[in-house]
Every structure is written in C-alpha cells, then in structure tokens.
Amino acid sequence: MTEKLKNKINDEQLKIRAISDEKITVKLTNNYAFQKIFKNTKIVKGFLMALLDLKEYEIKKIEITDPFTLGENDEEKEGILDIKLILNQNRKINIEMQNTYQDDWTERSLFYNCRMFTDGLKKGHPYGEIPPCIHVGILNFNQMISPNYYHKFSLMDEKTKVNNLGLIEPSVRHG
C-alpha cells in the first residue's frame with residue numbers, strides 16, 4: 001500500500017511539473033511517464049527504428065489500438081496491455097513496462113503475444129496471413145540474469161537454427 005501511495009504522489013507531482021518549465025529527469029519505469037511517452041507516435045517511431053533496426057521510410061503508419069485483450073467467454077483470462085500498436089497496418093506490437101519482478105513474467109509475456117496472434121482472426125482466414133507479433137518488455141529487473149540489457153527470441157529449431165518460417169536466423173548465417 002505504501003508503494004502505491006508513493007507512486008501516486010510521484011505521478012501527481014510529475015503531472016504538475018510536466019506543464020511547468022522546470023527541467024525534470026524521469027525514468028521509463030514511471031507508469032505515467034511511460035504512458036505519455038509511448039502515446040507519442042514520433043517517439044514510438046524512433047524507438048521502433050532503433051529496436052527493430054528499421055529505416056524511417058519503412059515505418060509508414062503507427063496505429064495505437066485498444067489495449068484490452070478479452071477472453072472468448074466469462075471464464076477465460078483477460079489482459080490489459082500497456083501499449084498495443086499496429087505498424088504499417090500489419091505487424092502487431094505490444095510494449096509492456098514492468099517495475100517489479102514477477103515469477104510468471106515469461107509466461108505472461110507469451111500469453112499476451114499469443115492473444116495478439118489470434119486477435120481479429122476470422123473463420124476461413126488463411127493462417128499464412130497471420131501478421132507478425134512482437135512483444136517488447138521494458139523491465140526494471142534482470143529477467144534473464146545476464147549482463148545484457150537486450151534479448152531477442154524467436155521460434156526456431158535449436159540444432160539447425162531454422163525458424164518456424166523455414167528461414168535461417170541472420171545471427172547464425174555463415175558466409
């Protein structure tokens with residue numbers, strides 16, 4: 001309860017200071033700052049260019065969409081994504097910020113990403129047309145227990161290094 005109250009006070013102070021001319025330093029792990037920053041399409045565009053190694057001309061449209069992922073019935077688990085985007089009317093991107101360590105973070109991330117795969121899929125829709133889905137986790141803890149701050153995962157055969165689309169991962173190509 002104390003932590004929630006502390007964050008509430010910080011968010012209120014941040015709102016007041018944001019409209020002033022005072023210089024402030026804010027971390028992305030502040031929920032209010034995170035929400036404000038990632039709803040600015042210019043900032044999101046630069047972030048995605050850096051993270052996904054895209055050129056500016058490759059990003060034609062960024063659409064910020066409804067962050068709620070509903071279950072098919074009352075018994076199914078729902079999810080609320082922090083930021084849900086559609087890039088170039090195709091790629092679905094979920095950007096999640098997490099301040100505190102959670103034992104189930106990996107499973108939760110996978111759950112959210114799988115829901116994005118099936119979101120909007122209609123009867124008769126060819127599976128080959130399912131758009132790519134990308135989950136970005138901005139964490140205030142070291143999930144991988146490694147010195148690296150960035151990790152990229154994809155589904156692939158561990159022995160051949162061929163991913164689920166039959167493509168060889170760029171990092172393991174030999175020239």
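The values are calculated or read from the model by the stated rules, or taken from the named source; none is laboratory data. All values reported here derive from a predicted model rather than from experimental measurement. Positions of Cβ are backbone-derived with ideal geometry, glycine not excepted, and every protein chain shown enters the neighbour counts. Areas reflect the complete protein model, heavy atoms only, side chains present, ligands, DNA and RNA absent. Shrake-Rupley method; radii C 1.70, N 1.55, O 1.52, S 1.80 Å.
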Is the stretch 66-80 home to any residue that is part of a helix (DSSP H, G or I) and open to solvent by 60 Å² or more (accessible area, probe 1.4 Å)? no
Among the residues of the stretch 63-88, write down those that are modelled with pLDDT of 85 or more and farther than 16 Å from VAL136 by Cα. ASN88
Are there any pairs with C-beta distances below 8 angstrom linking a residue in the stretch 141-157 that is in contact (Cβ under 8 Å) with a residue 24 or more places away in the chain and under 18 Å from THR100 (Cβ atoms) to a residue that is β-branched (Val, Ile, Thr) and open to solvent by 70 Å² or more (accessible area, probe 1.4 Å), with the two at least 6 apart or on different chains, and if so which? PHE141/THR100; GLN143/THR106
Within the stretch 1-62, which helices (runs of 4 or more DSSP H) (wholly inside it) include 3 or more residues that are under 27 Å from PHE153 (Cβ atoms) and either open to solvent by less than 100 Å² (accessible area, probe 1.4 Å) or modelled with pLDDT of 75 or more (or both)? 31-37, 41-52
Members of the stretch 141-152 that are under 17 Å from the mean Cα position of the chain (by Cα), within 19 Å of LEU110 (Cβ to Cβ) and exposed (fewer than 10 other Cβ atoms within 10 Å of the Cβ): TYR150, HIS151, LYS152
Just to be sure before I move on: is ILE95 open to solvent by less than 30 Å² (accessible area, probe 1.4 Å) and assigned to a strand (DSSP E or B) in the structure I sent? yes
Filtering the stretch 109-140 down to residues that are charged (D, E, K, R) and free of Cβ contacts under 8 Å to residues at least 24 places away in the same chain, which residue is most open to solvent (accessible area, probe 1.4 Å)? LYS123
